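Below you'll find the structure, written out as structure tokens, and then a few comments.
The values are calculated or read from the model by the stated rules, or taken from the named source; none is laboratory data. These numbers were taken from a predicted model, which means no experiment stands behind them. Cβ placement follows ideal geometry from the backbone for every residue including glycine, while neighbour counts extend to all protein chains displayed. Side chains included, ligands, DNA and RNA excluded: accessible areas come from the protein's heavy atoms. Shrake-Rupley method; radii C 1.70, N 1.55, O 1.52, S 1.80 Å.
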Amino acid sequence: LQVDRTEVIRTCINPVYSKLFTVDFYFEEVQRLRFEVHDISSNHNGLKEADFLGGMECTLGQIVSQRKLSKSLLKHGNTAGKSSITVIAEELSGNDDYVELAFNARKLDDKDFFSKSDPFLEIFRMNDDATQQLVHRTEVVMNNLSPAWKSFKVSVNSLCSGDPDRRLKCIVWDWDSNGKHDFIGEFTSTFKEMRGAMEGKQVQWECINPKYKAKKKNYKNSGIVILNQCKIHKMHSFLDYIMGGCQIQFTVAIDFTASNGDPRNSCSLHYIHPYQPNEYLKALVAVGEICQDYDSDKMFPAFGFGARIPPEYTVSHDFAINFNEDNPECAGIQGVVEAYQSCLPKLQLYGPTNIAPIIQKVAKSASEETNTKEASQYFILLILTDGVITDMADTREAIVHASHLPMSVIIVGVGNADFSDMQMLDGDDGILRSPKGEPVLRDIVQFVPFRNFKHASPAALAKSVLAEVPNQVVDYYNGKGIKPKCSSEMYESSRTLAP
């Protein structure tokens, strides 16, 4: 499917194209792209007559994780001389920033007979179709003609749809218990004008009642409304962090408990079939293939749990499947697959099914990472297990601890066991708590039974388990107030201009 093509640049061997291609980005999918370069003859713009100069294939994930990707052009499988192509990515995202506003007023009109007015303020966004949308209503301050309302936060999108010149209408009311609030006055403004209250300055407006203005000769106003502060809180996106150099550190943990069945038996979940990868391999490759684009060294630590391992055959719940405890990393997803296949005959499948040790092991790396105070590594632990876990209390404790760290846990349930306990770890149904009652800081666990995807593509499984990761990364870093590592000035400015 051809997405688009650039303009033609005449008589030039080092062209720089101005045309921008806009592509939707989905972290949870492998989005394969192909770029082709053609030399078009001077009197013709069609591709039929053109000379094919070379092509390049990559994934969108590779481009955004490197921000600038250069590769040789290939022609019929061979490199096309010394020619290469460079693709640069930038994000055209909406504006997710939010703004904190603090209003007060003085000398508002008194609408009540026996006491002073009880004022509250409403802010409306004026839409393009002339309708108005309520953006915020403050609390009521009782019996006070010079109220100070509490500061509030609102996203720039809902305040002005990202347009600083959009009209905003502000109305001050006197609250009445019967719901028939009395109108005190109104004024209009813009977000651009409100930004004047940034560095300790104030912006103020006269609050006008149009009826009084028309009738009363010497009417000035019905009070003054003052904006004391306007603070802008920058929200960074997932791509801001990735393009700023944040690496996704991907770790795999595989269940080698006896309930999987003897790997030599074709009924076993660990059976290595000559033509058909088992569920463990399918899940590993589906998820790993996507994560690998965001990890520059392509080295993946891979562990096993629940087996007796050589030479002493003691039970371990966090052994390296390449049996090299000092360096459990495998080269590429293919390296993990090979290490898994070659370790199977050397293990005695055993038990119990404990996953807390492996969560703690990755959490240890993630907590060392927090000392850097920057967004450089985020950890994803993929646990592949066939059964109900036996150390639920310790696992809950480990997850609550990990929810304070730059990490997410994905659990894929393989086989046909009853996984109802596992659903509890996935905070979608309610807040997960440690045995002591401490709640998770953020929902970091995604649990999916593989059988739901048995007849679907591996891509569907990956999509389901990885879709929440970008928000988990953003929630962690934004929550800690950590900015992306190197957001260059050029990048920042281009982002604000983008549609």
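Output the relative contact order of the stretch 236-478, whole-number percent, from Cα pairs under 8 angstrom with separation of 6+ residues.
Numbers: 476 pairs, mean separation 52.6, N = 243.
So the answer I get is 22 percent.
Once the other residues with Cβ under 15 Å from the Cβ of Thr188 are scored (Lys, Arg +1; Asp, Glu -1), what is the net sum? Let's see the in-between values first.
Working: positive: Arg125, Arg166, Arg167, Lys169, Lys192, Lys213; negative: Glu122, Asp163, Asp165, Glu186, Glu193, Glu206.
Counting the neighbours of Thr188, the net charge comes to 0.
Just need log10 I(q)/I(0) for the stretch 360-426 at q = 0.17, 0.23, 0.27 Å⁻¹, Debye formula, equal scatterers on the alpha-carbon atoms, no solvent, rounded to two decimals.
-0.64, -1.00, -1.23
Which whole number in µm²/s is D for the stretch 1-154 by Stokes-Einstein, with the Kirkwood Rh taken over Cα pairs at 10 °C and 1.306 mPa s?
D, rounded to a whole number, is 74 µm²/s.
Using only the alpha-carbon atoms, what does the stretch 179-304 span along each of its principal axes? Please give whole angstrom values in decreasing order.
So the extents along the principal axes, rounded to whole Å, are 98, 39, 23.
Based on alpha-carbon positions alone, could you give the equivalent ellipsoid semi-axes of the chain from the gyration tensor, as √(5λ), descending, whole Å?
Square roots of five times the eigenvalues give 54, 35, 18 Å.
So which of Lys71/Lys483; Lys169/Lys211; Lys116/Lys215; Lys361/Lys480 end up more than 25 Å apart, counting from Cα to Cα? Walk me through the intermediate numbers first.
On the way: Lys71/Lys483 30 Å; Lys169/Lys211 17 Å; Lys116/Lys215 23 Å; Lys361/Lys480 22 Å.
Too far apart for the 25 Å limit: Lys71/Lys483.
Tell me which trypsin sites (Lys or Arg not before Pro) from the stretch 290-376 have a DSSP coil assignment and no more than 15 other beta carbons within 10 Å of their own.
Passing both the DSSP loop test and the Cβ count: Lys298, Lys373.
Classify the stretch 69-146 as rounded, prolate or oblate, taking a ≥ b ≥ c as the square roots of the eigenvalues of its Cα gyration tensor: rounded when a/c is under 1.5, otherwise prolate if a/b is larger than b/c and oblate if not.
prolate
Take every Cα-Cα distance within the stretch 223-273, group them into 5 Å bins from 0 onward, and report for each bin the whole-number percent of pairs it holds.
Computed distribution, short to long bins: 4, 13, 10, 8, 6, 7, 6, 9, 10, 6, 4, 4, 3, 3, 3, 2, 1.
Taking loop as defined by DSSP and a crowding limit of 11 other beta carbons within 10 Å, which GluC sites (Glu not before Pro) in the stretch 176-251 fit?
On the way: sites: Glu186, Glu193, Glu199, Glu206; in loops: Glu199.
Sites meeting the loop and neighbour criteria: Glu199.
How much of Asp4 can a 1.4 Å solvent probe reach, expressed as accessible area in Å² and rounded to 10?
Its accessible surface works out to 70 Å², give or take rounding.
Once the Cα atoms of the stretch 236-478 are picked out, what are the Rg and Dmax in Å?
For the stretch 236-478, the Cα radius of gyration and maximum Cα-Cα distance read 16.9, 51 Å.
How about the stretch 288-333: which GluC sites (Glu not before Pro) there are in a DSSP loop, with at most 15 other Cβ atoms within 10 Å of their Cβ?
Glu312, Glu325
Write down the Å³ per residue value for the convex hull defined by the alpha carbon atoms of the stretch 97-231. Numbers along the way, then the final one.
Numbers: hull volume 15.7 nm³, N = 135.
In the stretch 97-231, the Cα hull volume divided by residue count equals 116 Å³.
If a/c stays under 1.5 just call it rounded; otherwise compare a/b with b/c (prolate if a/b is bigger, oblate if not). Do that for the stretch 326-391, with a ≥ b ≥ c from the square roots of the Cα gyration tensor eigenvalues.
Numbers: a/c = 2.60, a/b = 1.42, b/c = 1.83.
Oblate, because a/c is 1.5 or more while a/b does not exceed b/c.
Taking one equal scatterer on every alpha-carbon of the stretch 1-88, how large is log10 of I(q)/I(0) by Debye at q = 0.13, 0.25 1/Å?
-0.47, -1.53
Which of Lys19/Lys463; Lys298/Lys373; Lys180/Lys231 have a Cα-Cα distance over 29 Å?
Numbers: Lys19/Lys463 31 Å; Lys298/Lys373 24 Å; Lys180/Lys231 33 Å.
Pairs exceeding the cut-off: Lys19/Lys463; Lys180/Lys231.
Report D for the stretch 367-490 in µm² per second (integer): Stokes-Einstein, Kirkwood Rh on Cα pairs, 20 °C, 1.002 mPa s.
136
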